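Presented below is the structure to which this report refers.
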Amino acid sequence: MKGLANDPGTKVKCTYLEIPEVPQTFDVILCKPVWMWGAEMGVNSHGVAIGNEAVFTRGRNPEEPALTGMDLLRLALQRSTSARGAVDCITGLLTTYGQGGNCGFSHPFYYNNSFLIADRKETWVLETVGRDWAVKKFVTSTAISNALTLRSDWDEVSPGLRDLHDLAGQKSDPIVTRFSQAVLRRDRVMEGLIRITPGVSIKQAFDLLRSHHGSASLPRDSLTANTVCMHAGFGPIRIDQTTGSFVVDFHEDQMVVWITGTSAPCLSVFHPVLLNGFRNDTRISTEEDWRENETLHRNAIFCSDDRIQIFQSERDVLENDFIADMTNASSMKGRMDIVELCQRRRQELLTRWGERFSSEKKVKGHFFYRRAWRTFNKEANFQNDL
């Protein structure tokens, strides 16, 4: 989305609230649900990147319509020139308008929010409870998940939390946090970051987002397995699915954004996007694009692991080509041409393998997993034969 110069008195309609707009907004790339104004992840033309996670806290979650966590993320990206500025933007909006409202699609869903905020120079974790917040600056790698992580080690805190000696321990909902396996997922990402730092490569970032916690197989039959690369399954705990993946390469002279635009990163292709490669507001991934790859995904999860691994090996070779081409490009024009070529090659791979997975003999068994996905397919109008 392109930035805009706004007239005095202009207002912006967020998911539930209409608030005053700032004089100038900045160009952004957003990864967002179709039903909400805000976004889960994004980056702006000043090199500020933000990711958002729901966190579950003791007491009543904020149901009164206000700014959603995703609204706060989008507003901060459109208004901030640095990570520190984004922290100040979000905390200021929280103080003024609060957070809350239904953030669910198929069912009501209320929660507080945490944010991972970074630019080329620094990284911040901002965690919120209602209008209150705590923030910590990190000099090493860090990660967030669906749980509060800050204890008493914050750098700044709002008055409402100042007297706590353990934010995560005293404010987290222990039941939801435990069954969501949020702490385990964050720990797995942190273990991966520690192994590969300093200097996380683009491909290593992809691999972290595709983690099934050491397993080469998909977590089909487990009733509780919520891995980093999250797959929906049977039962009340496994109702969620990774819906998009996003990596920002803060290159010295040209920031490159890598996105899937599709669910399940283990069955998706990361492709490059340049923020200054758009003249107007543009949909990078349309519903048609998503449905085509989602058909591949919903067929592939019932194919043999051997067949899936053949696809993944071919996909990895393609992504390595993309990374090498973008790294070696010597001009903006060259990078833009490569972006278009990568998109075509990605689509060729997904179309070819979509046809293969559709015609492939499906594995037997997995009764409850199959039952769950029959329901998911019916709800989303997919005709996959399971």
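Observations on the model:
- For region 80-98, the count of residues that are over 21 Å from LYS136 (Cα atoms) and surrounded by 22 or more Cβ atoms within 10 Å (Cβ to Cβ) is zero.
- Residue that is surrounded by the most Cβ atoms within 10 Å (Cβ to Cβ), among those in region 189-221 that are under 19 Å from ILE310 (Cβ atoms) and free of Cβ contacts under 8 Å to residues at least 60 places away in the same chain: ARG210
- Test: residue in region 209-224 that is over 22 Å from PHE270 (Cα atoms), hydrophobic (A, V, I, L, M, F, W, C) and in a helix (DSSP H, G or I): no
- Residue count, region 231-241 (criterion: surrounded by fewer than 21 Cβ atoms within 10 Å (Cβ to Cβ) and either hydrophobic (A, V, I, L, M, F, W, C) or in contact with a Lys or Arg (Cβ under 9 Å, 6 or more places away or on another chain) (or both)): 4
- ASP71 vs. criteria surrounded by fewer than 22 Cβ atoms within 10 Å (Cβ to Cβ) and among the charged types (D, E, K, R): no
- All positions within region 123-141 that are touching a residue at least 40 places away in the same chain (Cβ under 8 Å) and surrounded by fewer than 18 Cβ atoms within 10 Å (Cβ to Cβ): THR123, THR140, SER141
- Residue check for THR260: buried (at least 16 other Cβ atoms within 10 Å of the Cβ) and either of a type in the set (Ser, Thr, Tyr) or touching a Phe, Trp or Tyr at 6+ places or on another chain (Cβ under 6 Å) (or both): yes
- Out of LEU386, LEU350, one residue alone is touching a Phe, Trp or Tyr at 6+ places or on another chain (Cβ under 8 Å) and either in a loop (DSSP other than H, G, I, E, B) or crowded, with 18+ Cβ neighbours inside 10 Å (or both). It is LEU386.
- The one condition from (1) surrounded by fewer than 22 Cβ atoms within 10 Å (Cβ to Cβ); (2) under 28 Å from SER106 (Cβ atoms) that GLN254 does not meet is (2).
- When residues of region 276-302 are limited to those that are surrounded by 19 or more Cβ atoms within 10 Å (Cβ to Cβ) and not polar (S, T, N, Q), the one farthest from ALA216 (Cα to Cα): GLU294
- Residues within region 232-261 that are farther than 23 Å from ARG178 by Cα and not small (Gly, Ala, Ser), tallied: 15
- Which numbered condition ARG344 fails, given (1) within 14 Å of ARG298 (Cβ to Cβ); (2) part of a helix (DSSP H, G or I); (3) not hydrophobic (A, V, I, L, M, F, W, C): (1)
- Strands (runs of 3 or more DSSP E) enclosed by region 1-88 - at least 1 residues per element that are modelled with pLDDT of 95 or more and among the polar types (S, T, N, Q): 41-44, 49-55
- Test for ALA66: is it on the phi < 0 side of the Ramachandran plot, crowded, with 24+ Cβ neighbours inside 10 Å, of a type in the set (Gly, Ala, Ser) and touching a residue at least 40 places away in the same chain (Cβ under 8 Å): no
- Restricting attention to region 238-262, the residues being assigned to a loop (DSSP other than H, G, I, E, B) and closer than 24 Å to GLU191 by Cα number 9.
- Top-ranked residue in region 44-73 [being over 17 Å from the mean Cα position of the chain (by Cα) and of a type in the set (A, V, I, L, M); ranked as farthest from ARG185 (Cα to Cα)]: ALA66
- Selection within region 147-159 - surrounded by 13 or more Cβ atoms within 10 Å (Cβ to Cβ) and either touching a residue at least 60 places away in the same chain (Cβ under 8 Å) or in contact with a strand residue (DSSP E or B) (Cβ under 8 Å, 6 or more places away or on another chain) (or both): ALA147, LEU148, THR149, LEU150, TRP154, ASP155, GLU156, VAL157, SER158
- All positions within region 217-226 that are in contact with a helix residue (DSSP H, G or I) (Cβ under 7 Å, 6 or more places away or on another chain) and farther than 14 Å from ALA300 by Cβ: ASP221, ASN226
- Enumeration of residues in region 353-367 that are closer than 16 Å to LEU223 by Cβ and either of a type in the set (Gly, Ala, Ser) or surrounded by 14 or more Cβ atoms within 10 Å (Cβ to Cβ) (or both): GLY365, HIS366
The values are calculated or read from the model by the stated rules, or taken from the named source; none is laboratory data. Because the structure is a prediction, the values reported are computed rather than measured. Glycine gets a Cβ as well: all are built from the backbone with ideal geometry, and neighbour counts include every protein chain shown.
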